[in-house]
Amino acid sequence: MPLPGLGVAPAAGSLYNELAAATRRAFVPRLFVQIYYGSPGLFYMTGNAQRAAGGLNQITVPMQGQSMVQGQFTGYGGGFNSPNITSGVQNGQWNLAYWVVPVPLPFGETIIQATDREISLLKARMNDVYAVTRQNMATLMFTNNAANSLYPNSFQDAFDNGTNFPTYGGISRNASGNSAFKGQYINGASLSGGSGSTVSVQGFNRKSMATALAKITDAAGGEAPTFVIMSPGDYATLNTDFIGNETQFVNPSGGYTMDTNVRSSFPNLNVSGVPIFADHFCPAGNAYFVNVKYTAMYLSEDAAFDFSGFYSLVPLGQIGQQGVVVVGYDIVTAKSSSGAWVYNIGGAAF
């Protein structure tokens, strides 16, 4: 609807109505989306996705949780006790979650937009399918999805120690002999932030992050996480600690004008060789330490963002078409202790 009385446009009335009836609006032939967020975490997991196919449990991972042999010292005669057969392998099993997005193509839209269109609603709708899917996947990656069996797994149950998710992949973490299947669920109050404070009060700084990484690496058997994901507010607090130690070098003979760029702060951080970045979808007060040697997104080779194509709705008594996009996926870890979920992080910058 054209707006009267703005700029050179006359006020509402007969003159404006005549002008509006005889004048075409200037139009920017692009659709500017006002919603949605990027997710570095989802980008990383999707780029490293593994293939999954059919089967009752599309993801089945044999996992060893106990020693299967026993060692002993021997003497001059070289004698030893007969070995005991000890079972130590269990299967972790997960089913893929399937996300579907139906795409309508009404008869009237097809006719009206056949020519003389500025923005293709069909193209915008198809772009929105990807965006809506990405937002949903990024959100569920950091949440407790156990209440709905149709939902995928997340980083939360992957790295929990049995407190919130006593069973993972069909294996009871709290059963006798199954402690190896527990992840690292760490309260920020247990991590010292220096000066008598804790991470639960002041958030992460360089020293407390280095301490946490050392603790998590040790509990993971000596393997450091591949990356750390934090909420933007928690990340900003850690970034501030880095900013306080920046050094700007000045060239005495150089000319400094409005065109001289001075770069400050950091788009991503690195502590103890581990990259740390912010993700909008990561809940404030939580950080996830992920090792992609054991943690991955599994993507169905039969439903990898596939589009069915459009099919007629005439058999249903309607002129029009409909299609659907399907993606089958899950995010699981084959070694929960390889990563960590640090909660109760305080001091968020916003």
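The values are calculated or read from the model by the stated rules, or taken from the named source; none is laboratory data. Keep in mind the model is a prediction, meaning the values are calculated, not measured. Neighbour counts run over all protein chains shown; Cβ positions are idealised from the backbone, glycine included.
Table for the structure above
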| item | result |
| --- | --- |
| Test: residue in region 310-322 that is free of Cβ contacts under 8 Å to residues at least 40 places away in the same chain, in a strand (DSSP E or B) and exposed (fewer than 14 other Cβ atoms within 10 Å of the Cβ) | yes |
| Which listed residue is touching a strand residue (DSSP E or B) at 6+ places or on another chain (Cβ under 8 Å), of a type in the set (Lys, Arg) and closer than 17 Å to Val33 by Cβ, from Arg125, Arg134 | Arg125 |
| Residue satisfying all of: in region 155-181; without any contact (Cβ under 8 Å) to a residue 12 or more places away in the chain and in a loop (DSSP other than H, G, I, E, B); farthest from Met230 (Cα to Cα) among these | Ser176 |
| Selection status of Gly108, part of a helix (DSSP H, G or I) and exposed (fewer than 12 other Cβ atoms within 10 Å of the Cβ) | yes |
| Condition broken by Ala284, with the remaining ones in (1) in contact (Cβ under 8 Å) with a residue 40 or more places away in the chain; (2) farther than 30 Å from Val100 by Cβ; (3) surrounded by fewer than 20 Cβ atoms within 10 Å (Cβ to Cβ); (4) out of contact with any Pro (no Cβ under 9 Å at 6 or more places or on another chain) satisfied | (4) |
| Yes/no for Gln34 being surrounded by fewer than 10 Cβ atoms within 10 Å (Cβ to Cβ) and closer than 20 Å to Asn136 by Cα | yes |
| Candidate set from region 68-104 (those that are assigned to a loop (DSSP other than H, G, I, E, B) and among the hydroxyl-bearing types (Ser, Thr, Tyr)); member that is farthest from Thr295 (Cα to Cα) | Tyr76 |
| Residue under evaluation Pro152, criteria (1) surrounded by fewer than 18 Cβ atoms within 10 Å (Cβ to Cβ); (2) modelled with pLDDT of 95 or more; (3) assigned to a loop (DSSP other than H, G, I, E, B), criterion not met | (1) |
| Boolean, Met63 is among the hydrophobic types (A, V, I, L, M, F, W, C), touching a residue at least 40 places away in the same chain (Cβ under 8 Å), closer than 30 Å to Ala334 by Cα and not in a strand (DSSP E or B) | no |
| Out of Gly38, Gly55, sole residue that is assigned to a loop (DSSP other than H, G, I, E, B) and either closer than 30 Å to Ser87 by Cα or among the β-branched types (Val, Ile, Thr) (or both) | Gly55 |
| Whichever residue in region 123-141 is touching a Leu at 6+ places or on another chain (Cβ under 8 Å) and buried (at least 17 other Cβ atoms within 10 Å of the Cβ) and, among such residues, is farthest from Val103 (Cα to Cα) | Met141 |
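Per-residue answers, yes or no, for (1) surrounded by fewer than 13 Cβ atoms within 10 Å (Cβ to Cβ); (2) out of contact with any helix residue (DSSP H, G or I) (no Cβ under 7 Å at 6 or more places or on another chain); (3) over 24 Å from Lys182 (Cα atoms); (4) among the small types (Gly, Ala, Ser):
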site	(1), (2), (3), (4)
Ala52	no, yes, yes, yes
Leu56	yes, yes, yes, no
Val61	no, yes, no, no
Ser67	yes, yes, no, yes
Gln70	yes, yes, no, no
Thr74	yes, yes, yes, no
Gly79	yes, yes, yes, yes
Asn84	yes, yes, yes, no
